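Structure first, then comments.
The values are calculated or read from the model by the stated rules, or taken from the named source; none is laboratory data. All figures in this text were calculated on a predicted structure; none of them were measured in a lab. Because the Cβ atoms are built from the backbone with ideal geometry, glycine has one as well, and the counts that use them run over all protein chains shown. Each accessible area value is taken on the protein alone, full model and side chains, heavy atoms only, with ligands, DNA and RNA left out. Shrake-Rupley method; radii C 1.70, N 1.55, O 1.52, S 1.80 Å.
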Amino acid sequence: MKRYMNIWNQIGMMITSCLLVLCLFTSCSMIDDDLDNCTQLDYELQLITNMTTEVQTQLTAETDVSVASVLRAHLSDIFTDYAHDVDLSFYDTKGDSARLHHDEHIMDANQHSYTLYIPRQKYMHLAVANIVDDPLVDLMYDDRCYTAQVALRDLATSRGATSIPDTIDSQTTGLFTARQLMEMIEGINQTFNVKLYMANCAAALVMNPQGHSTDGIKVYSTGFATAFNIADSSYVFSNPSPIVRTKLLHRESENDNLTFCSVTFPSREPLATRTVIETEEPFIAQPDENALWELRVYVPQSDGTITETVLRVKEPLRAGQLKIIKCRIGSNGGIEVDGGSSEVSTSVTLDWKDGLEIET
């Protein structure tokens, strides 16, 4: 009996030794036997958003309580500082900025540390989070630093193509990106702190039917970027802008207002663009003379016609921002904005027919 116990003890010690060796060889994303020092990268998502303030200031009536709850739940995967996946690229800072090292990880956290053993030199590092579970967007042209984009699928903005669909769905995850120059010095164990910031936003239209039938009402948004250049943190716009389907959110009761929501890249900025992005109030902006983005509402009438209302918004919609517009349906099916905001203008077309749209 003792002989068998000794044999099992020896087998156990061998298994433990093998596991320890395996851990040593899998603790870093890439191992090079010729390198003695490593680099630790600490990643943390930075959620800068006005969602809580916007909901609290715009949805104040008793009838808005359930609307606020439903909207928060719908946007819980958008305005979040939680990353499911991260894509990490390290580029040469010389020549054609080719990618020298690439890692993909499931993070499932607000922050995480990774250790890399890669050659000591200067890198331009780009990181993207939460792109795997969003079927609408993809990481494109990331073999070179200054062409890397988070972009709508089937859209090749930097290659001159215009293969974007006329109408697309809303994005489904909160997208975060980072860019950071890193000089890794030989013989020194270094730590770099990388902060990822949000790259998309949301708009919601809260509609009081006022007794009007709600069957068949459709709402779209448009005027938003189609891609984001990661290295220089700039947005790309196509012309014409794609039409984005909003999602009609669940109503807890028939008495609740209708809520339509879309998640997109940001709109264009006013001509007098802010020069400082990270401020205490990053979402305060002077309205532009012209509309920067739109909501288009189509309300079927009892006589079979459709009333179209275009809501033109002069204030920008920025990364990390939620914009709520409250409105009501008028007697002819036209949409009337609550409060008569000068930042939102409306135009109504009775008996609207597809094909009468004029690009503004």
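The figures follow:
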{"read-out": "Selection count where residues are surrounded by fewer than 20 Cβ atoms within 10 Å (Cβ to Cβ), within 22 Å of the chain's Cα centre (by Cα) and assigned to a helix (DSSP H, G or I), scope segment 57-90", "value": "6"}
{"read-out": "Scope segment 286-308; condition within 27 Å of the chain's Cα centre (by Cα) and outside any loop (DSSP other than H, G, I, E, B); matching residues", "value": "W293, E294, L295, R296, V297, Y298"}
{"read-out": "Boolean, F228 is open to solvent by less than 20 Å² (accessible area, probe 1.4 Å) and either outside any loop (DSSP other than H, G, I, E, B) or in contact (Cβ under 8 Å) with a residue 12 or more places away in the chain (or both)", "value": "yes"}
{"read-out": "Total residues in segment 118-130, condition closer than 20 Å to T147 by Cα and open to solvent by 20 Å² or more (accessible area, probe 1.4 Å)", "value": "2"}
{"read-out": "Matching residues, segment 234-247, being part of a strand (DSSP E or B) and surrounded by 15 or more Cβ atoms within 10 Å (Cβ to Cβ)", "value": "Y235, V236, I243, V244, R245, K247"}
{"read-out": "Test for C38: is it modelled with pLDDT under 95 and open to solvent by 70 Å² or more (accessible area, probe 1.4 Å)", "value": "no"}
{"read-out": "Filter pass, V313 being of a type in the set (V, I, T), farther than 19 Å from N208 by Cα and at pLDDT 95 or above", "value": "yes"}
{"read-out": "Matching residues, segment 183-203, being under 28 Å from the mean Cα position of the chain (by Cα), more than 24 Å from Q171 (Cα to Cα) and open to solvent by 60 Å² or more (accessible area, probe 1.4 Å)", "value": "T191, N193"}
{"read-out": "Pair list, Cβ under 6 Å, 6 or more apart: segment 88-104 residue hydroxyl-bearing (S, T, Y), other residue buried (at least 16 other Cβ atoms within 10 Å of the Cβ) and assigned to a strand (DSSP E or B)", "value": "S89/R99; S89/L126; Y91/R99; Y91/M124; T93/M124; S97/Y91; S97/R144"}
{"read-out": "Failed item, numbered, when H250 is tested on (1) open to solvent by 80 Å² or more (accessible area, probe 1.4 Å); (2) under 30 Å from C145 (Cα atoms); (3) modelled with pLDDT under 95", "value": "(2)"}
{"read-out": "Any hit, segment 320-329, residues being in contact (Cβ under 8 Å) with a residue 60 or more places away in the chain, of a type in the set (G, A, S) and assigned to a loop (DSSP other than H, G, I, E, B)", "value": "yes"}
